Structures are given as structure tokens and as C-alpha cells.
Amino acid sequence: MKRNGILNSHISKILSDLGHTDQIAIADAGLPVPDGVPKIDLALKLGTPSFREVLDVIAEDMVIEKVIIASEIHEGNPQTLAYLNEKFDSQIIDDSQNHEQFKALTRQVKAVIRTGEATPYANCILQSGVHFG
């Protein structure tokens, strides 16, 4: 058994297999998952686990060079936007896509990790960077 880090074997495997520019999505409970894209469903009930809880753990274990969010987050969920701006350098946050464009981008991700989050636009696509030591 692992001593620390991500215990979920599916998430650990996805992160280990990522290469530079590969992407995963962290999703609220309502984001549709495109056919053919693996879904790792962590949702237990509305709100559990939260978007923030899941993203905090994944960000500890993943080199992230870009965070893609839907532009509607500015009006629809300013609390989550504030959290993302605190968590990441604003230069790596891309909010140029609307929600429909964001959903289309999820067709390209290696996996969607579904949380129990029950607030609008609490979704992001994380693009893998490179760690050379």
C-alpha cells in the first residue's frame, strides 16, 4: 500500500501515464462526459468530495502548465474563480473558452475526474507540464 500521495489507483495511473501537454479534466457533478473518455467517478453525494478537495490533491502530484476554465465562471462562480487564481499563477489560467467550447475540449482529455461539486462552472482542464528534476 502507498504511504502517501494519491491512493485512488485510477487517478494515480492516469497521472503517471501523462506526457507533456496531455490533459485531464476535473469536473463538477453535472458536466457531461463524452463517449469514449474514461470517467473516474469520485462523487459520493452532492458536494462530496468538493472540486477544491480533489484539485488540491491532484495539484500536489501533477506538473500543471495550463488550467483551462469556462469564461462563464466569472459571473457564475466567482468563489471558485478566486480559489483558482489563488492556487495557480494567473498566466497559466486560460479563460478564453465559453462553456460549450470547454465541453468540446473534454473530448480530447485522457480522463474526466468527476467530483460531487454542486456549484456551476466548477470545472477545469489541467494540461500536463514537464518535470526534469
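The values are calculated or read from the model by the stated rules, or taken from the named source; none is laboratory data. Note that the structure is a prediction, hence the values are computed from the model and not measured. Here Cβ is always computed from backbone atoms with ideal geometry, including for glycine, and neighbour counts include all displayed protein chains. When the accessible area is computed, the model is the full protein with side chains, heavy atoms only, and any ligands, DNA or RNA have been set aside. Shrake-Rupley method; radii C 1.70, N 1.55, O 1.52, S 1.80 Å.
Write down the percent of antiparallel bridges among all DSSP beta bridges whose residues are both part of the chain, to the nearest 5.
Working: 9 of 18 bridges.
Around 50 percent of the beta bridges assigned by DSSP in the chain are antiparallel ones.
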Exercise for the section: With all protein chains present, calculate the accessible area of Leu44 using a 1.4 Å probe and round the result to the nearest 10 Å². Expected result: 140
Fill in the blank from the handout: The alpha-carbon center of region 5-46 and that of region 113-127 are separated, in whole Å, by 10
Handout entry: Share of carbon and sulfur in the accessible heavy-atom surface of region 1-72 [1.4 Å probe, %]
Key = 50
Practice task
Would you please give the FRET efficiency between Met1 and Lys87, computed as 1/(1 + (r/R0)^6) with r the Cβ-Cβ distance and R0 = 25 Å, to the nearest 0.05?
Solution key: 0.30
Problem - Accessible area of His99 in the full protein assembly, 1.4 Å probe (Å², nearest 10) - result: 40
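Using the beta-carbon distance between Asp56 and His20 and R0 = 30 Å, what value does 1/(1 + (r/R0)^6) give for FRET efficiency, to the nearest 0.05? Don't jump to the answer; show the numbers that get you there.
Working: r = 23 Å, r/R0 = 0.76.
Calculated transfer efficiency: 0.85.
Per residue, how much accessible surface does region 28-81 expose to a 1.4 Å probe? Answer in Å², no decimals. Numbers along the way, then the final one.
Details: 2920 Å² over 54 residues.
Value for region 28-81: 54 Å² per residue.
Quick check: from the Cα gyration tensor, does region 26-89 come out rounded (a/c under 1.5), prolate or oblate? Kindly include the intermediate steps, with their values, before the conclusion.
Details: a/c = 1.40, a/b = 1.23, b/c = 1.14.
The shape class here is rounded.
Which value, in debye to the nearest 20, describes the size of the charge dipole of the chain about its Cα centre when Lys and Arg Cβ atoms bear +1, Asp and Glu Cβ atoms bear -1, and nothing else is charged?
On the way: 12 positive and 18 negative charges, 105 e Å.
The dipole magnitude comes to about 500 debye.
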Exercise for the section: May I ask you to list the residues of region 45-84 whose amide nitrogen lies under 19 Å from a point 7 Å from Cα along the Cα→beta-carbon direction of Ala104? Expected result: 68-73
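Where does the chain land at 222 nm, in deg cm²/dmol rounded to the nearest 500, when only DSSP H runs of n ≥ 4 count, each adding -39500 (n - 2.57), divided by all residues?
Numbers: 5 runs with 41 residues, N = 133.
Result for the chain, helices only: -8500 deg cm²/dmol.
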